[in-house]
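Worksheet: the structure to be examined is printed underneath.
The values are calculated or read from the model by the stated rules, or taken from the named source; none is laboratory data. The structure displayed is predicted, hence computed values, not measured ones. As a convention, Cβ positions derive from the backbone with ideal geometry for all residues, glycine included, and neighbour counts pool all protein chains shown.
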Amino acid sequence: MKNSDLLSEFVSVYMSALKNLEKLISQPANPYGASFEQWLIMAAVSQSEEPLTMTEIAKDRGVTKGAIARQLKPLFDRGYLNQEKDPDDRRRVLLVLTPKGVEVEAIIAQSVRQRFNKWLDIFGISEGKEFLKTLRRLDALIVQPELNSKKD
């Protein structure tokens, strides 16, 4: 197979599968006006033993505080999250799920788990592990080096 043929096949798979993967992954959160990434923030707040700050989430995700602030705004607007001053350090602002946020996060989490398990039933655990290994390799060898390079 020539490189040009491989490129054509890659483009075909990208257009039919990879391009739409984010839509599929976000579907469980869509009815609640949230994206998959916003649900991940809610899940992190829910699962953390210590209250989280915007700075901690940004650091964990490797993005700017501004990027997290844009993700958080709709969650505040929908009443899923609140900000509270840390009683031990008034300079820190903690993220706290509201009762509505706790409920919505749990519903989305259950839907995500069910969907993922269905995909694993179709794909198979062994092939799923191999696919994950390939994606990690793609990220480590190509995506991250390209993103971190000084080239345009």
Taking segment 99-144 and keeping only residues that are farther than 30 Å from Arg78 by Cα and of a type in the set (Gly, Ala, Ser), one is left with Gly124, Ser126, Gly128, Ala140
Would it be correct to say that Val96 is within 22 Å of Ser26 (Cβ to Cβ) and either within 19 Å of the chain's Cα centre (by Cα) or not acidic (Asp, Glu) (or both)? no
Would you check if Gln114 is closer than 26 Å to Leu132 by Cβ, outside any strand (DSSP E or B), free of Cβ contacts under 8 Å to residues at least 24 places away in the same chain and not basic (Lys, Arg)? yes
It is to be established whether one or more residues within segment 36-49 are outside any helix (DSSP H, G or I), more than 17 Å from the chain's Cα centre (by Cα) and of a type in the set (Gly, Ala, Ser). no
Residue among Glu105, Glu37, Glu50 that is of a type in the set (D, E, K, R) and farther than 18 Å from Ser26 by Cβ: Glu50
Somewhere in segment 2-23, is a residue over 19 Å from the mean Cα position of the chain (by Cα), among the aromatic types (Phe, Trp, Tyr) and within 30 Å of Leu138 (Cβ to Cβ)? yes
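Select from segment 1-35 the residues that are among the hydrophobic types (A, V, I, L, M, F, W, C) and not in a helix (DSSP H, G or I) and list them in ascending order.
Applying the first criterion (among the hydrophobic types (A, V, I, L, M, F, W, C)) to segment 1-35 yields 1, 6-7, 10-11, 13, 15, 17-18, 21, 24-25, 29, 34.
The answer is Met1, Ala29, Ala34.
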Test: residue in segment 78-85 that is touching a Lys or Arg at 6+ places or on another chain (Cβ under 7 Å), of a type outside the set (Gly, Ala, Ser) and closer than 16 Å to Ile41 by Cα: yes
List pairs: first in segment 3-24 and over 21 Å from Ser35 (Cα atoms), second not in a helix (DSSP H, G or I), Cβ under 9 Å, 6+ apart or cross-chain? Glu9/Met1
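Out of all the residues in segment 95-109, is one or more out of contact with any strand residue (DSSP E or B) (no Cβ under 7 Å at 6 or more places or on another chain) and either modelled with pLDDT under 95 or within 18 Å of Thr55 (Cβ to Cβ) (or both)?
The answer is no; no qualifying residue exists.
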